[in-house]
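The values are calculated or read from the model by the stated rules, or taken from the named source; none is laboratory data. These numbers come from a predicted model, not from an experiment. Note that we place each Cβ from the backbone using ideal geometry, even for glycine, and neighbour counts take in every protein chain shown. Calculation scope for accessible area: heavy atoms of the full protein, side chains included, ligands and nucleic acids excluded. Shrake-Rupley method; radii C 1.70, N 1.55, O 1.52, S 1.80 Å.
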Amino acid sequence: MLEIRNIHKSFGSTPVLGGIDLDVNQGDVIAIIGPSGSGKTTLLRCLNYLEHADEGTMVFDQETFAMNKISKKDIARLRKKTAFVFQSYNLFANKTALKNVTEGLIVGRKMPKEKAREIAMKALEKVGLADRSDAYPAQLSGGQQQRVAIARAIVTHPKLLLADEPTGSLDSHRSVEIMKLLQKLNDEEGITVVLVTHEPDMAKYAKRIVHFVDGTVASDQENKPC
């Protein structure tokens, strides 16, 4: 479903990605691991055009995109099929869990409020937070906030979920819960997942483990998930 070819990215005179090739199959759960500065997060951000690569191509859902130039219209169309989960949750502090999830549906997709609320409640139920829909981020634990962020991501039924260090701010117990949730969404909803992590123990929950070293793919191995 996703083919990445020859992606290069530098920040100033510092090379970060040195010609990345990677194939992502429908139904994959891929964990990208590697030391700090190896280009893991930069690649993920390039795939959603939060950063623009200097060179390379991406084929997603049978469409080819240049990595160094793309129209705003095409970015918007691409993002309707993908979702991004951040390490820092990026929730609106002044909105409840429910409103954080409905915001993109109402504002971004012009969906009627009642329909958005119905869809958002189903998403919160899937992540185990239907009973905390009226809670504000400050009233939720870090793991619960990340679950809200995941609910917000899946509410649009993306084909591909990109997650940047989704367990990076959590303790080991909450981290395992989030990884098992991503496994569940992959199994039950068919969402393909590509995540970045610096924690080898979390990578063990993926179906494939891709190891980055100095902006290149050092290894790409199948894995039997925990």
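Take the conditions of a type outside the set (A, V, I, L, M) and open to solvent by less than 10 Å² (accessible area, probe 1.4 Å) and apply them to T156. Does it pass? Explain how you work it out, then say what you get.
Working: of a type outside the set (A, V, I, L, M): yes; open to solvent by less than 10 Å² (accessible area, probe 1.4 Å): no.
Considered against the rule, which asks whether it is of a type outside the set (A, V, I, L, M) and open to solvent by less than 10 Å² (accessible area, probe 1.4 Å), T156 comes out as no.
Look at G56 and say whether it is at pLDDT 95 or above, over 17 Å from A163 (Cα atoms) and surrounded by 14 or more Cβ atoms within 10 Å (Cβ to Cβ).
Yes; evaluated as a whole, the condition is true for this residue.
Being open to solvent by less than 20 Å² (accessible area, probe 1.4 Å), charged (D, E, K, R) and out of contact with any Lys or Arg (no Cβ under 7 Å at 6 or more places or on another chain), is that true of even one residue in the stretch 195-211?
Yes, there is a match, as at least one residue in the stretch 195-211 is open to solvent by less than 20 Å² (accessible area, probe 1.4 Å), charged (D, E, K, R) and out of contact with any Lys or Arg (no Cβ under 7 Å at 6 or more places or on another chain).
Does S172 qualify as being over 21 Å from S38 (Cα atoms) and small (G, A, S)?
When the stated conditions are applied, S172 passes them.
In the stretch 180-226, which residue that is of a type in the set (G, A, S) and touching a residue at least 12 places away in the same chain (Cβ under 8 Å) is farthest from S36 (Cα to Cα)?
The extreme case among them is G190.
Based on what the data block shows, is M67 touching a Gly at 6+ places or on another chain (Cβ under 9 Å) and open to solvent by less than 50 Å² (accessible area, probe 1.4 Å)?
Values: touching a Gly at 6+ places or on another chain (Cβ under 9 Å): yes; open to solvent by less than 50 Å² (accessible area, probe 1.4 Å): yes.
Judged against the criteria, M67 is a match.
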